[in-house]
1. Of all residues in the range 241-274, which are over 23 Å from the mean Cα position of the chain (by Cα) and either assigned to a loop (DSSP other than H, G, I, E, B) or small (Gly, Ala, Ser) (or both)?
2. For Gly199, which of the numbered conditions (1) in a helix (DSSP H, G or I); (2) in contact with a strand residue (DSSP E or B) (Cβ under 7 Å, 6 or more places away or on another chain); (3) without any contact (Cβ under 8 Å) to a residue 40 or more places away in the chain fails to hold?
3. Residues in the range 299-315: is at least one touching a strand residue (DSSP E or B) at 6+ places or on another chain (Cβ under 6 Å), open to solvent by less than 50 Å² (accessible area, probe 1.4 Å), at positive phi and not hydrophobic (A, V, I, L, M, F, W, C)?
4. Cβ-Cβ distance below 8 Å, separation of 6 or more or different chains: which pairs start in the range 83-106 with a residue that is assigned to a loop (DSSP other than H, G, I, E, B) and end on one that is among the hydroxyl-bearing types (Ser, Thr, Tyr)?
5. If you go through the range 137-178, how many residues are open to solvent by 20 Å² or more (accessible area, probe 1.4 Å) and either part of a loop (DSSP other than H, G, I, E, B) or among the hydroxyl-bearing types (Ser, Thr, Tyr) (or both)?
6. May I ask you to say which residue of Asp175, Asp155 is without any contact (Cβ under 8 Å) to a residue 40 or more places away in the chain and of a type outside the set (S, T, N, Q)?
7. Within the range 202-233, restricting attention to residues that are in contact (Cβ under 8 Å) with a residue 24 or more places away in the chain, part of a loop (DSSP other than H, G, I, E, B) and in contact with a helix residue (DSSP H, G or I) (Cβ under 7 Å, 6 or more places away or on another chain), which residue is most open to solvent (accessible area, probe 1.4 Å)?
Amino acid sequence: QVRIRARDRATTLLPNNGGMTTPSAPSLRPRVVIIGCGFGGLEAARALRGAAVDVTLVDKTNHHLFQPLLYQVATAGLSAPAIAAPIRHLFRQQRNVTTLLGEVTHIDVGQRTVHLADGAMLPYDHLIVAAGATHSYFGRDDWAAYAPGLKTLDDAFEIRRRVLLAFEAAEKEPDPARRADWLNFVVVGAGPTGVEMAGTLAEIARHTLPGEFRHIDPASAKIILLEGGARVLQAMPEALSERAREQLEALGVEVRLNARVTAIDGDGLVVESASSASPSSASSYQIKSRCVIWAAGVAASALGRQLAAATGCSTDRAGRVLVAPDLTLPGHPEISVIGDLAAAHSHVPGQAPTPVPGVSPAAKQMGRAAAANILRRLAGEPTAPFRYRDHGNLATIGRNSAVVDLSSPAGPVRFSGYFAWLFWLFAHVYFLIGFRNRLVVLMDWAWAYWSFARYARVVTGTVEPRGTATEPGAAR
């Protein structure tokens, strides 16, 4: 329990028939609204368990998603329920949490209310904004119709659909040139998502699908990974980055570095390639492909710029909000911004502040820190600056291939290959939400390892022209 000061007194909210909220008698329990149930929002709500506060957790989906394994759904390795959990189920025993399904459209900072798309209004005394991020096409949003990104389950279903139907279209295409277009798969961006996606596509083509078609050889599919920079996995040390590139190429992925996409349409994409030795001498060429996957850019939720306009705070180029050391907005200690929406810094005594990376461990730590600072304010104590504890990075490339970069008091621990892949596998199983999900994923992976089979390969509909909407009712 925490001591509540008079100025923190709130009102209890009761739903009315119109779905709105209306105040009842005054209560000593402050109202905490959390926007988003990603890693940051989930940890913030959990950290408030047992506190004398009323928490309202609002998300535009009804599930928490384990995003690091989302590419496995997109490549038919796992089914959606294996990496997602209903939010209501997660908080069924935390009595001070109310879960709402809704999309936040506006935050009224002056009135301290959160407005939803259906007209509902949520008053707050303390607000945690963990709205996350979406795709960034660097000002070319028209590319989204031809190169879907991977942030949600809907994105994963669409990518899975396009990948599998590309093989189906190639099977019935009599023209060799057009057949080759269907069997060209291009992944744009060689960060963790792009590397994992490219490596898994190569595994599908070479190990999962052979023997299932009569007119094409799936192993002849070309997997191309484009990266605008000089190396893959640029957050990794250079030696591990080079090792990742070698492992990708061993799997059959064609890695093209210093390759910047300048156009995408229904026929494929145009690439501007520059030599690392002479960046000024660039040349352009076209890649014909009917299946392009975007993993190159990230932009913060639009709520970041809306908050900036309302409070006068600043944002960076990606739309992330520049927060104070304790993760609050300057001049608005009642509002905390965390996760991919926050341009935060880690504050270690005696050291200069360092930027916090946009990874799930950072979001979790920010969620717990924001909740702890709310309890400190309610208890009349000063807040603490955020300190990020970096435990390292890891990425899988494909079957038996991964790279691991761990931090330890004795110095960095770096390794790659089979044992790195095992480490990556068990680390992801450990951090999954719920025992059932851990068991299901471990069993699916074990079966896929020995059989090369992927059974989440169910889609509906026919191959559609580029840029058209997905048919309703596609299998999930």
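The values are calculated or read from the model by the stated rules, or taken from the named source; none is laboratory data. Quick caveat, the model's predicted, so the values are computed rather than measured. Because the Cβ atoms are built from the backbone with ideal geometry, glycine has one as well, and the counts that use them run over all protein chains shown. Only protein heavy atoms, including side chains, enter the accessible area calculation; ligands, DNA and RNA are left aside. Shrake-Rupley method; radii C 1.70, N 1.55, O 1.52, S 1.80 Å.
1. Ala250, Gly252, Leu257, Asn258, Ala259, Ala263, Gly266, Asp267, Gly268, Ser273, Ala274
2. Condition not satisfied by Gly199: (3).
3. The answer is no; no qualifying residue exists.
4. Phe91/Thr99
5. 11
6. Going through Asp175, Asp155 in turn, just one is without any contact (Cβ under 8 Å) to a residue 40 or more places away in the chain and of a type outside the set (S, T, N, Q): Asp175.
7. His215
Residues are listed down the side, and each one gets a yes or a no for (1) more than 16 Å from Ser336 (Cα to Cα); (2) modelled with pLDDT of 95 or more; (3) in contact with an Asp or Glu (Cβ under 9 Å, 6 or more places away or on another chain):
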position: Gly38; (1), (2), (3): no, yes, yes
position: Ala51; (1), (2), (3): yes, yes, no
position: Leu57; (1), (2), (3): no, yes, no
position: Ile87; (1), (2), (3): yes, yes, yes
position: Arg92; (1), (2), (3): yes, yes, no
position: Leu100; (1), (2), (3): yes, yes, yes
position: Tyr124; (1), (2), (3): no, yes, yes
position: Trp143; (1), (2), (3): yes, yes, yes
